[in-house]
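For reference, the structure is listed below as C-alpha cells.
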Amino acid sequence: MSDMSLAAPLAPRKAGTRRLQVLVFLAALVLGLVLLTLSCGRGCLAPGDVVAALTGTPGANASFVVSELRLPRAVMGLLAGFSFGLGGVAFQIMLRNPLASPDIIGISASAGAAAVFVIVILAFDGWLVSLVAVLAGLGVAAMIWALSSRRGAAGARLILIGIGVSAMLDSVTAYVLLEAPAWDRAEAMRWLTGSLNGVQLVQALPVAGALLVFGGLLACTARDLEVLRLGDDTAEALGVRSDVTRLRVTLAAVGLVAIATSATGPIAFVAFLSGPIAARLLPGSRGLLLGAGLVGAVLVIAGDYAGQFLLPARLPVGVITGAIGAPFLLYLIVRANRNGGTL
Amino acid sequence: MQVQRPQRLAGFALLLGLLALMTGLSLTVGARSVPWAEIWAGITGQIETIGAAAVAVRMPRTALAILAGAALGLAGAVMQGISRNPLADPGILGVNAGAALFVVVGIAWFDISGAHSYLWLGIAGAGVTAVFVYLIGSAGQGGATPLKLTLAGTATSVAVSAFIIAVVLPRNDIAGSVQSWQVGGVGGASFETLLPAVPFALVGLLLSLASARVLNALALGEELATGLGQSVALGRLMAAAGAVILCGTATALCGPIGFVGLVVPHLCRMIAGVDYKLVLPLSALAGASMLGLSDVLGRIVARPNELDVGIVTAFVGAPFFIWTVRNHRMRGL
C-alpha cells in the first residue's frame, strides 16, 4: 500500500493529535450507529425504553424487539465488521497491495464454502463451523501462496489466481446451497452476499472469541508488520524475522475473516474497503489496524441499517457494501492507471 | 506454430465427434433414467410415457446448449484476439453480467416480456458493459493489461450482481422468471424462445468469423497490423460488435455463463495453432460441446436435482483460468 506511507507530511505531534481525533471520531461513529440500530427501526423508541429493555426490566414494553432482534444485529455487525476490517488491512499491509484483500483473493470465499458445506451437509454448528472455516481459509491461503510462488509483495499473479480460486469456491457454495432442501433460493442468495438477517446472540460468541485471540495476536505483531513494509532485507537487518511475522499475520488475519464469514456470510468488499478508507483518514500508517477495524464496523452497521430501513426494499447488507465497494475498486484501478502504477 | 493440414482436419473431425457424442449424451442422460425405446419415442415426437416426455424436453435444451455454447466460445476467442489478453472471457469481463442486468431490469421495472425484447435488452447490456469495462481497464499508461481488464471485469460483475439481487429480492412475483439470469441455466429451454434468437446468433457468427483476418494481424501487434494495410479500428469494431451480439444473445437465452469463452479458445489453439481462421470456427464447435457436456454433468452430479450449467462451467473453468495465469507470459504480469 504505497499510498498509505506517503500520506504523512505532518509534523509528528500534529500527526499524533490528528490520529487520535480520527480514531475517537470513528469509535464515536460506531457507538452512534449501534445506538441508532438499537433505538430506531420501523419506529423510534425513547432512550429510557431501550435501557429498560436491555437491562431486562420486567414489563419493559419493547424488550423483544430490542434484545431479540436489534441487539444481536448490532453486536454481530460490530464484531464481524471489525474482524473484516482488521483481517483485510492486515493482508493488504503484509502483501503491500490494496487489491490483495481476503475477499478478492478467495479467503472469504473458501471460509464461506466450507461453512456452508459443514452446516448444510454435515449439520455441524457452533464452534465446529468456525474451526472448519478457519482451516479451510488457511488451506486456501497456502494453496494460493504456492500457486503464485512469489515471496513478499503480491504480484498481479497472486491476485489473478485468487480471483480464479474465488470463482471456483463460489460455485461450490452455490452447489451446496442447491443440495440443501431447507434453503430456498432467496435465503441462499442472502447467504451468498452476506447478511445479518436472523442472527442470534449465541452466534456472536465465536466471533468475539476470534477477535480476542486473533486480534490480540495481530496487535502483538503490529510493530513487526510495520517494519516488514520496508522490505524483507531491511526487516531482517532490524531483527524482525520476516517469515515468522508473515506466518503469524496470515494466521491471525485468516482466523478473523474466516470466523466472521462463517457467522454472517461473505459481506462483500468490507475487508477490501476498510483499509484504504482508514488510510485516507489517518495521517501516516500508525493506528491503521485499529482504524480499519472501526471503519469495517461502520460499514457493516451502516450498510445493514440502510438496507433495512433507508431503501424502498429490505436488502441484505452485502448488497449495499457490494454496490459501494465495486465502484471504489474501479476508482482504484483507474487511479493506478493514471499514475502509471502497476497496481 | 505451423500446423499441418491433416492435423487441422483431425481437429475438426475430433470436435465434430465430440459434438455428436455430447448431443447423444444430452438426449439420453438426465435426472430420470429412461429406457432406449422411450428415448426413441421421445425423439420422434410420441410423448405417451413420462420418459418419452422427458426426452422431448431434452431436445430444445440440447439445441440451446449448442447455440449458446457456440456463441460463448466464439465470443471468447474474438475477445481474446481484440484485447490480446489470454484471460478474456465474456463472463470474467462482466459482459454477460451486464446483459443479464439489462434483461432483469427490463422485466422488473418496465414489465417487458417476450423473447425478442429479451434479446435486444441482452445485446444492449452486453454492449454497454463491454465498452465500460474496456474503458476502465485500458485507461492510462500501459493499456489494457490482463490484470487491469480482469479486475475491471470482476468489479463490474460484483456491482452488477449486487444490483440484480437488489432488483430481484423484493419482487417475489418475478423471482421465478428471472431465476436463470442469476446463475445461468439451460433447463427452461423451448423451441419457441430459441427460434427468434437464431437470426441474431447468425449475424454475430458471421461478423465474428469475418474478423479472422483482422485478429490475425492484431496478434502481430497494432503497429504492424496497420502497416500491413489493415484498418485496425474498423476491424476491431466489427469483431467487437460480433462478440457483443453473441454474448447478449446467449445471456438473454440462458443467463450469465462464464469460463466457456476462456477455456475453449485455448484448447483450440492447442489443436489448431494460432491462425484465427481456424481457431474461430473450432471455438464455436468446442464451445457447443463444452456447454452441452457441462449441462449433462450438472444433471448427473446433483440427482435428483439439477445443477445450473453456469455453476458447472465455473467449477471446471476456474482451475483452467489459474493454469492460464501460471503458464502464460502476459503483459503486466
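The values are calculated or read from the model by the stated rules, or taken from the named source; none is laboratory data. Just so you know, these numbers come straight off a predicted model, no measurement behind them. Reconstructed Cβ throughout: ideal geometry from the backbone, glycine too, with neighbour counts over all protein chains shown. Just the protein is used for accessible areas: all its heavy atoms, side chains included, with ligands, DNA and RNA removed. Shrake-Rupley method; radii C 1.70, N 1.55, O 1.52, S 1.80 Å.
Things worth noting here:
- Of all the residues in the range B:301-328, those that are in contact with a Lys or Arg (Cβ under 9 Å, 6 or more places away or on another chain) and part of a helix (DSSP H, G or I) number 2.
- Across the range A:39-54, the number of residues qualifying as surrounded by fewer than 18 Cβ atoms within 10 Å (Cβ to Cβ) and touching a residue at least 24 places away in the same chain (Cβ under 8 Å) comes to 2.
- Within the range A:55-64, not a single residue is modelled with pLDDT of 85 or more and more than 14 Å from chain B (Cβ to nearest Cβ).
- Selection status of B:Ala233, in a helix (DSSP H, G or I) and within 30 Å of B:Asp295 (Cβ to Cβ): no
- The number of residues in the range A:8-46 that are touching a Ser or Thr at 6+ places or on another chain (Cβ under 8 Å) and at pLDDT below 75 comes to 1.
- Failed item, numbered, when A:Arg73 is tested on (1) in contact with a Leu (Cβ under 9 Å, 6 or more places away or on another chain); (2) at pLDDT below 80; (3) over 24 Å from A:Ala252 (Cα atoms): (2)
- Leading residue by the ranking (modelled with the highest pLDDT) among those in the range B:24-52 that are in a helix (DSSP H, G or I) and open to solvent by 40 Å² or more (accessible area, probe 1.4 Å): B:Leu25
- Filter result (aliphatic (A, V, I, L, M), closer than 28 Å to B:Pro170 by Cβ and free of Cβ contacts under 8 Å to residues at least 60 places away in the same chain) within the range A:274-323: A:Ala306, A:Leu310, A:Leu311, A:Ala313, A:Leu315, A:Ile320, A:Ala323
- Checklist (1) part of a loop (DSSP other than H, G, I, E, B); (2) hydrophobic (A, V, I, L, M, F, W, C); (3) open to solvent by 10 Å² or more (accessible area, probe 1.4 Å) applied to B:Leu253, failing item: (1)
- Selection from the range B:172-225 of residues that are part of a loop (DSSP other than H, G, I, E, B) and either modelled with pLDDT under 75 or open to solvent by less than 20 Å² (accessible area, probe 1.4 Å) (or both): B:Gln179, B:Gly184, B:Gly185, B:Val186, B:Gly187, B:Gly188, B:Ala189, B:Ser211, B:Gly221
- Within the range B:101-111, the presence of a residue that is open to solvent by less than 20 Å² (accessible area, probe 1.4 Å), in contact with a Cys (Cβ under 6 Å, 6 or more places away or on another chain) and modelled with pLDDT of 85 or more is excluded.
A quick yes/no check of all residues on (1) in contact with a Phe, Trp or Tyr (Cβ under 9 Å, 6 or more places away or on another chain); (2) assigned to a helix (DSSP H, G or I); (3) under 30 Å from A:Val120 (Cβ atoms):
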| residue | (1), (2), (3) |
| --- | --- |
| A:Ala210 | no, yes, yes |
| A:Thr221 | no, yes, no |
| A:Ala235 | no, yes, no |
| A:Gly239 | no, no, no |
| A:Ile267 | yes, no, yes |
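- Options B:Gly261, B:Gly242: the member that is under 15 Å from B:Asp89 (Cβ atoms), open to solvent by less than 20 Å² (accessible area, probe 1.4 Å), in a helix (DSSP H, G or I) and out of contact with any strand residue (DSSP E or B) (no Cβ under 9 Å at 6 or more places or on another chain): B:Gly261
- Looking at B:Gly81, B:Gly73, B:Gly91, just one residue is within 24 Å of the chain's Cα centre (by Cα), surrounded by 24 or more Cβ atoms within 10 Å (Cβ to Cβ) and within 14 Å of chain A (Cβ to nearest Cβ), and that residue is B:Gly91.
- Criterion: within 14 Å of chain B (Cβ to nearest Cβ), open to solvent by 20 Å² or more (accessible area, probe 1.4 Å), under 24 Å from A:Val213 (Cα atoms) and of a type outside the set (Asp, Glu) - qualifying residue of A:Pro266, A:Pro327, A:Pro312: A:Pro266
- Number of the condition not met by A:Val213 [criteria: (1) under 21 Å from A:Gly81 (Cβ atoms); (2) among the hydrophobic types (A, V, I, L, M, F, W, C); (3) without any contact (Cβ under 8 Å) to a residue 24 or more places away in the chain]: (3)
- When B:Ser138 is tested against (1) at pLDDT 85 or above; (2) under 14 Å from B:Leu93 (Cβ atoms); (3) of a type in the set (Gly, Ala, Ser), exactly one condition is not met: (1).
- Residues in the range B:96-151 that are at positive phi and either away from chain A (no Cβ under 14 Å) or under 19 Å from the mean Cα position of the chain (by Cα) (or both): B:Asp111, B:Gly114.
- Positions within the range B:121-143 being part of a helix (DSSP H, G or I) and in contact (Cβ under 8 Å) with a residue 60 or more places away in the chain, in sequence order: B:Leu121, B:Gly122, B:Ile123, B:Ala124, B:Gly125, B:Ala126, B:Gly127, B:Ala130
- Cβ-Cβ under 7 Å pairs, at least 6 apart or on other chains, the range A:176-199 side more than 10 Å from chain B (Cβ to nearest Cβ), far side open to solvent by 70 Å² or more (accessible area, probe 1.4 Å) and modelled with pLDDT of 70 or more: A:Val176/A:Phe117; A:Val176/A:Ile121
- Of A:Ile104, A:Ile119, all but one fail to be within 19 Å of A:Asp170 (Cβ to Cβ) and part of a loop (DSSP other than H, G, I, E, B); the exception is A:Ile104.
- The residues of the range B:189-239 that are in contact with an Asp or Glu (Cβ under 8 Å, 6 or more places away or on another chain) and of a type outside the set (A, V, I, L, M, F, W, C) amount to a single one, B:Asn216.
- Checking the range A:57-65 against the condition returns no match, with no residue being open to solvent by less than 30 Å² (accessible area, probe 1.4 Å), in a helix (DSSP H, G or I) and in contact with a helix residue (DSSP H, G or I) (Cβ under 6 Å, 6 or more places away or on another chain).
- Candidates A:Arg286, A:Arg335, A:Arg241, A:Arg280, filtered to the one that is away from chain B (no Cβ under 14 Å), open to solvent by 30 Å² or more (accessible area, probe 1.4 Å) and more than 25 Å from A:Leu79 (Cβ to Cβ): A:Arg241
- Condition met for B:Gly298 (open to solvent by less than 10 Å² (accessible area, probe 1.4 Å), within 28 Å of B:Ala115 (Cα to Cα), within 14 Å of another protein chain (Cβ to nearest Cβ) and part of a helix (DSSP H, G or I)): yes
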